[in-house]
Amino acid sequence: AVAEVKLRDDQYTLDHMRAFGMYNYLHLDSWYQDNVYYIDQFGRVMNVSVTLETALQKPREVFRLPTDLTAYDNRLCASIYFSSSTWVTLSDGTGRLYLIKSGKRGNSASEKWEIVFNEELGSPFTIAHSVSFVKSDIHSVAVLLLRVEKDELDTKGSGFHISLEWVTIAEMSKEGDHRYEIFKRRVLQGKSVPHYAAIEPSGDGLMILSYKPFKFMQHEEDKLEENVDGKVTNEKKVVDPLYYWQQTEDDLTITVHIPQDIVKDDIKVQFSPNNICVTLKDQPPLMEGTLYSSVDHESCTWIIRENKSLEISLIKKSEGPQWPELIVGDTRGEFIMDPSQRSAMAECLMHLTSEVMNPNPDKENPPCNAQELEECDAFLEDSASLCRFDGDTLKVTHVINLGSNQYLFSVVVDPKEMPCFCLRHDVDALLWQPHADQPDNMWEHIATFNALGYVQASKQDKKFMACAPNHSYAALCECLRRVFIYRQPTPLSTVLYNRKEGRQVGQVAKQLVATLEASDPILGFQATNERLFVLTAKTLFLIKVNTGN
């Protein structure tokens, strides 16, 4: 049977459920379609491939994990990711990572799985993604490890945080000896399990789609360096404003502190309808620039006060409007609000506020009628965001707030590219292909599944979603038995009329439902262009969706 690992009593959060409780135990080899893998209770990696149209070969063992998994109490499910057509990354769920050279897979004679790297990497994890790439003639494999870790500092939340470790293993040659070793380890932390996390094919960056943001955790030395830089910049920031200014409906008053040795003859103030320039002695202008609005320059004056400050009075050309700034783009001044202006402003805003948190929502017209919303429109989360991190600087280079565009599923359309992700857009579902090497077209819309966003929302018991790599259909399965298949619209061979609207219908999209003869819960779900694979603890079902060309 499949090596299912049930959640323990201490894995009680929604994040544990998402990361490990909803784990897909069936692994599709996108490099060789119609080849699926699972790991059984003896720690054997079993391959099942399709030979004829619907005939499955007998499961065959391609690899056996060296560790006795039953000896570990706190292990997670074993996980596998096909990094390339000849490289595989594998985790046994105890915290050990294996890098395997498989040869060409897919039931070929050259297939032979051999371990080239295996190391204990700390607490147990599952593999979220991995890629194989060559840079400067050095072969590397980058892997993304997912952990849900106890967080002692989190007293108000769930008490856990999510860690994504980005490990790069590279081929090192020492005195003619070629071996694979860890080249780089970097850790990101966040407060929610990412919906999608993938390394770019070149290994230069990382994309994460999550509800809560992730950030790189730095080493102590980096932190110290940053603190030193931070102190310098903070010191620079604490500088007194160059000038202070106030305004009424018809005039503005500017106060500038001047050095003790400056006398009246050293000061030169020039007014024009839209500009001001203040210079002291032969120095560069102290204040200069375009005023926010026009002034009556002939009525403007200036005097030196006893406390060695220069006071400039400007008369507004148009009375009334408040100026948000004095000199356009100049941030060296500070606006001081008059107490009477403060109270007037508070009075103006009074009607927008209330002493009571929610005075009477039913009174008059509420801004949004919750009853008009259907259950499927209520999102579990406020808003997710999609971030791209640069592998060198570890900084975020792109951020997209997805708003109400709910994440649905991800799928590998082309194994040489990053996995695609599918988002709900209103009632539809749109499939997006990331292109890390195209900064101007980083996320390309490649397919639309009409009404899928709406339909899937009504399936309360859904567990997995997927679509064919050629987007000919989308499918979802419930926790038990039922599988729903949604085909793309296809032209009709006969004439069909919509009676209500009196128009001819050219295309129809079919929905199919398959009921499995199984009482065990569904543990794995994968889609290819022609077939759906559905895994329970003891059975692998094959559903023929499209016929091959």
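Give me the net charge for the shell around Pro434: Cβ to Cβ below 12 angstrom, other residues only, Lys and Arg +1, Asp and Glu -1.
On the way: positive: Arg388; negative: Glu200, Asp414, Glu417, Asp437, Glu444.
For residues surrounding Pro434, the net value is -4.
How many angstrom separate the Cα center of the stretch 257-305 from the Cα center of the stretch 442-510?
70
Order Thr13, Thr490 by their accessible area, 1.4 angstrom probe, all chains in place, largest first.
Numbers: Thr13 15, Thr490 75 Å².
Largest accessible area first, the residues go Thr490, Thr13.
Tell me the relative contact order for the chain as a rounded percent, counting alpha carbon contacts under 8 Å between residues six or more apart.
Numbers: 1112 pairs, mean separation 49.2, N = 549.
The value is 9 percent.
Please compare each pair in Lys150/Lys395; Lys112/Lys150; Lys191/Lys538; Lys6/Lys395; Lys135/Lys212; Lys156/Lys184 to a cut-off of 27 Å on the Cα-Cα distance and tell me which ones are over it.
On the way: Lys150/Lys395 25 Å; Lys112/Lys150 39 Å; Lys191/Lys538 35 Å; Lys6/Lys395 36 Å; Lys135/Lys212 33 Å; Lys156/Lys184 33 Å.
Exceeds cut-off: Lys112/Lys150; Lys191/Lys538; Lys6/Lys395; Lys135/Lys212; Lys156/Lys184.
Restricting attention to the stretch 490-545, which GluC sites (Glu not before Pro) occupy a DSSP loop and are surrounded by at most 10 other Cβ atoms within 10 Å? Please list the in-between numbers first.
Numbers: sites: Glu501, Glu517, Glu530; in loops: Glu501, Glu517, Glu530.
Those that pass, being in a loop and sparsely packed, are Glu501, Glu517.
By average Cβ neighbour count within 10 Å, what is the ranking of 405-413, 293-301, 318-326 from highest down?
Output ranking for 405-413, 293-301, 318-326: 405-413, 293-301, 318-326.
Quick check for you: with a 1.4 Å probe and neighbouring chains kept, what is the accessible area per residue of the chain, in Å²? Don't jump to the answer; show the numbers that get you there.
Values: 30500 Å² over 549 residues.
It amounts to 56 Å² per residue over the chain.
Principal axis lengths of the stretch 406-548 from Cα atoms, whole Å, largest first?
Principal-axis extents of the stretch 406-548 (Cα, largest first): 51, 46, 32 Å.
Which of the peptides 125-131, 240-246 is most tightly packed, and how do the rest follow, judged by the mean count of other Cβ atoms within 10 Å per residue?
Working: 125-131: 23.0, 240-246: 15.6.
Listed from highest to lowest mean packing, they are 125-131, 240-246.
Using only the heavy atoms of the protein chains and a 1.4 Å probe, how would Leu542, Leu496 rank by accessible area, largest first? Mind showing how you got there, number by number?
Numbers: Leu542 45, Leu496 75 Å².
Highest to lowest solvent-accessible surface, that is Leu496, Leu542.
What does the charge count near Thr301 come to, summing +1 for each Lys or Arg and -1 for each Asp or Glu among other residues with Cβ under 12 Å from its Cβ? Don't jump to the answer; show the numbers that get you there.
Values: positive: none; negative: Asp251, Asp296, Glu298, Glu311.
Taking every other residue near Thr301 into account, the sum is -4.
Could you work out the helix-only [θ] at 222 nm for the chain, with each DSSP H run of four or more residues adding -39,500 (n - 2.57) and the total divided by the number of residues, to the nearest 500 deg cm²/dmol?
On the way: 3 runs with 35 residues, N = 549.
About -2000 deg cm²/dmol.
Kindly provide the pair-distance distribution of the chain built from C-alpha pairs, with 20 Å bins from 0 and whole-percent values in order of increasing distance.
Values per bin, smallest distances first: 16, 38, 24, 17, 4, 0.
Tell me, what ³J(HN,Hα) does each residue in the stretch 397-407 have, in order and in whole Hz, if you take phi through Karplus 6.51 cos²θ - 1.76 cosθ + 1.60 with θ = phi - 60° and put x for Gly and Pro?
Residue by residue, the stretch 397-407 yields 9, 9, 9, 10, 7, 7, x, 8, 7, 5, 6 Hz.
From the protein chains alone at 1.4 Å, what is the descending order of accessible area for Lys316, Lys215, largest first? Intermediate values should be presented prior to the final figure.
Working: Lys316 10, Lys215 130 Å².
Sorted descending by solvent-accessible area, the residues read Lys215, Lys316.
Net charge near Phe160, counting Lys/Arg +1 and Asp/Glu -1 over other residues with Cβ under 15 Å of its Cβ? Mind showing how you got there, number by number?
On the way: positive: Arg8, Arg18, Arg147, Lys150, Lys156, Lys191, Lys212; negative: Asp9, Asp10, Asp15, Glu149, Asp151, Glu152, Asp154.
Here the charged neighbours net out to 0.
Using only alpha carbon pairs under 8 Å that are at least six residues apart, calculate the relative contact order of the stretch 406-548 and give it in whole percent. The partial results should precede the final answer.
On the way: 298 pairs, mean separation 21.1, N = 143.
Value for the stretch 406-548: 15 percent.
With a cut-off of at most 12 other beta carbons within 10 Å, and DSSP calling the residue loop, which GluC sites (Glu not before Pro) in the stretch 37-125 qualify? Please list them.
Details: sites: Glu53, Glu61, Glu111, Glu114, Glu119, Glu120; in loops: Glu53, Glu111.
Loop-located and lightly packed - Glu53.
Please report the accessible area of Asp338 (heavy atoms, 1.4 Å probe, ligands and nucleic acids excluded) in Å², nearest 10.
Ignoring ligands and nucleic acids, Asp338 comes out at about 60 Å².
The values are calculated or read from the model by the stated rules, or taken from the named source; none is laboratory data. Everything numeric in this text was worked out from a predicted model, so none of it was measured. We place every Cβ from the backbone using ideal geometry, glycine too, and count neighbours over all the protein chains shown. Surface areas here come from the heavy atoms of the whole protein model, side chains and all, with no ligands, DNA or RNA. Shrake-Rupley method; radii C 1.70, N 1.55, O 1.52, S 1.80 Å.
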